[in-house]
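The values are calculated or read from the model by the stated rules, or taken from the named source; none is laboratory data. These numbers were taken from a predicted model, which means no experiment stands behind them. Here the Cβ is made from the backbone with ideal geometry for all residues, glycine too, and neighbour counts use every protein chain on show. Surface areas here come from the heavy atoms of the whole protein model, side chains and all, with no ligands, DNA or RNA. Shrake-Rupley method; radii C 1.70, N 1.55, O 1.52, S 1.80 Å.
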Amino acid sequence: MAKLKIGIVGCGGIANQKHFPALKENSDLCEMVAFCDIIEERAQKAAEEFGVENAKVYTDYRDLLANPEVQVVHVCTPNVSHSEITIAAFEAGKHVYCEKPMSHSVEEAEKMVEAWKASGMNFTVGYQNRFREEVQNLHAACEKGDLGDIYYGKAHAVRRRGVPTWGVFPNKALQGGGPLIDIGTHALDITLWCMNNYDVDSVSGSVFYKLGSLEQATEGNLFGPWDPETFEVEDSAVGFIKMKNGATIALEASWALNILESREASTTLCGTLAGAEIRSGMSHSKNELIYNRGRNGQLMEEVLSPVGGVAYFGGGGGAEGTLDCRQWLEAVENQTSPLVKPEEALTVTKILDAIYRSARENREIRF
C-alpha cells in the first residue's frame, strides 16, 4: 500500500509538539513531503528533521497546495487563518486535518464545512483528547447507558496560572480569543461527545479581562511572566449552555484565575443512574476517571485502573495524538468518517462564539 503524502502548513509549536511526532510514529501509513511556514528557516528545519529526502519547503501555502504530490494537508496555523487555508486545500483536492478550534468565528467555520461538502474530500479537527484512555472509557459507558439520562455536565478548562508566553496566544487579531477558544474548546468537545448531545437551545456567558493586564498577577505563572502590555485576550470565561432536551452544561475556562484546583480537558457528567468525573490538569499528578453511584444500599466510587490501554482502529496504544493521527490516516485511506466529525467541531465553535457574543451584548443567545 502506497503511503499517504502529507503537507504541513505552519511549522510552529503545535506542529512540533503534536503533528510531526504523531505523523512520524505512523510512518507505516504516511510520509511528510512538504512543509510551509512564513518563516522559511522554521519550515526548512522541520523538513530536515521529519521530512522525506528532498522534501519541499515553502513560505506560501498556495505553493504547497499546488504540489500534486501532496494528498493530505495539516493546517497548524493561528486560528484566524484556518478557514482560508482549509477552503483553499479543499479546492485543490486535498484532505484536511485542521488544528482546533475549527475557526475563530461561526461564519468562517460554516464556510469550511460548505467547502468540505462540495469537495468530496475527508475532513477532521484536532480534538485528540477523545483518544485518552479515560475519555474512551467514559464515552463507552455513556454509549451503553451506564449513566442513564445525562442531564447535567461541567466542562473544566481551568488553569490557576498557566498563561502561554510563546507564539501568538495573547494576540486577539490572530487567535480570536484566549483560554475559552484555546483550552475551553477541548473540555467542551469531550463533554458534548460523551453526552452525545449537539442540539443547542441557548447560551449565556461572561468573559473576564481582569488579570492579564496586571503585572503582579504574572507571578507564579508556569511558563514564566507574561507581558501585560501585549495581553489582548480574556484571562477567563464561563458559559451556561442549555440543550433543547433540557440538559445543561456549565463551561469554565481560564489561563489565570485565583482558584485552588486546576482542571483541564476534564468533564463532570451527572446522569439518572450514575455520575462520572474526569480529573486532569496541573493539580493532578495523573489523569483519573471516577464513577459514582449507589450500590448495595451505599454510595460507591469506582476508579479506572491504570493497567491496560485502549487499542484503536489499526491497533496498538500510544499517546492520544498518535492514536488520533492514526485513525485519521486510516479514515482517509479507507474513505470512512474520522472520529471527530466536522459537524461536531462546528457546534463547538458555535457555542464558543455565542459565549463571547453573550458577554459582549449582555444577553442570552438563542440558537
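For residue 363 and residue 206, the difference between the fully extended length at 0.36 nm per residue and the C-alpha to C-alpha distance is 55.5 nm.
Between helix 133-144 and the chain there is an angle of about 60 degrees, using the helix long axis and the longest principal axis of the Cα atoms.
Between amide H atoms placed 1.01 Å from N, distances below 5 Å from residue 178 occur with 234, all of them 5 or more places distant or on a separate chain. Once both labels are positioned 7 Å from their Cα atoms along Cα-to-Cβ, the gap between residue 44 and residue 152 label points is 5.9 nm. Taken one residue at a time, the phi angles of segment 286-292 give Karplus couplings (6.51, -1.76, 1.60, θ = phi - 60°) of 8, 6, 10, 10, 10, 8, 9 Hz. Gly and Pro are set to x. Solvent-accessible area of residue 59, all protein chains in place: 70 Å² (probe radius 1.4 Å, heavy atoms, ligands and nucleic acids excluded).
Computed from phi, the 3J(HN,Hα) profile of segment 203-210 under the Karplus parametrisation 6.51, -1.76, 1.60 (θ = phi - 60°) reads 9, 10, x, 10, 10, 10, 10, 10 Hz, with x in place of Gly and Pro.
Going through the cross-link list 24/45; 144/242; 210/242, which pairs have a Cα-Cα distance over 20 Å in this structure?
Numbers: 24/45 15 Å; 144/242 23 Å; 210/242 27 Å.
Pairs exceeding 20 Å: 144/242; 210/242.
Computed extension length for residue 285-residue 16: 94.4 nm, one decimal, from 0.36 nm per residue of separation with the Cα-Cα distance subtracted. The label point for residue 165 and the one for residue 140, both projected 7 Å from the Cα toward the Cβ, are 4.2 nm apart.
Note that segment 91-98 has calculated 3J(HN,Hα) couplings of 5, 8, x, 10, 6, 10, 10, 9 Hz, one per residue in order, obtained from phi through the Karplus relation 6.51 cos²θ - 1.76 cosθ + 1.60 (θ = phi - 60°); glycine and proline are x. Scoring 116-123, 80-87, 181-188 by mean Cβ neighbours within 10 Å over their residues and listing the highest first yields 181-188, 80-87, 116-123. The order of the peptides 88-95, 268-275 by mean Cβ neighbours within 10 Å, most packed first, is 88-95, 268-275. Note on residue 259 and residue 60: with the Förster distance fixed at 45 Å, the Cβ-Cβ geometry gives a FRET efficiency of about 0.55.
Give the peptides 16-25, 215-224, 331-340 in descending order of average Cβ contacts within 10 Å, highest first.
Descending mean neighbour count gives 16-25, 331-340, 215-224.
In whole Å, how far is the Cα centre of segment 116-166 from that of segment 11-90? Spelled out, the Cα-based centre of one part sits 25 Å from the other.
The reciprocal of the average 1/r between distinct C-alpha atoms defines the Kirkwood hydrodynamic radius, which for the chain equals 21.2 Å.
Stretching the chain fully between residue 216 and residue 303 yields a gain of 27.4 nm (0.36 nm per residue, less the alpha carbon separation).
Count the DSSP beta bridges whose two residues both fall in the chain, then state the antiparallel fraction as a percent rounded to the nearest 5. Please report the intermediate quantities before stating the final value.
On the way: 40 of 67 bridges.
Roughly 60 percent of the beta bridges in the chain run antiparallel, per DSSP.
Taken per residue, the accessible surface of the chain reaches 44 Å², heavy atoms only and a 1.4 Å probe. Its DSSP H runs of at least 4 residues, each contributing -39,500 (n - 2.57), put the calculated 222 nm mean residue ellipticity of the chain at -9000 deg cm²/dmol, to the nearest 500.
By accessible area, using a 1.4 Å probe on protein heavy atoms only, the chain has 48% of its surface on carbon and sulfur.
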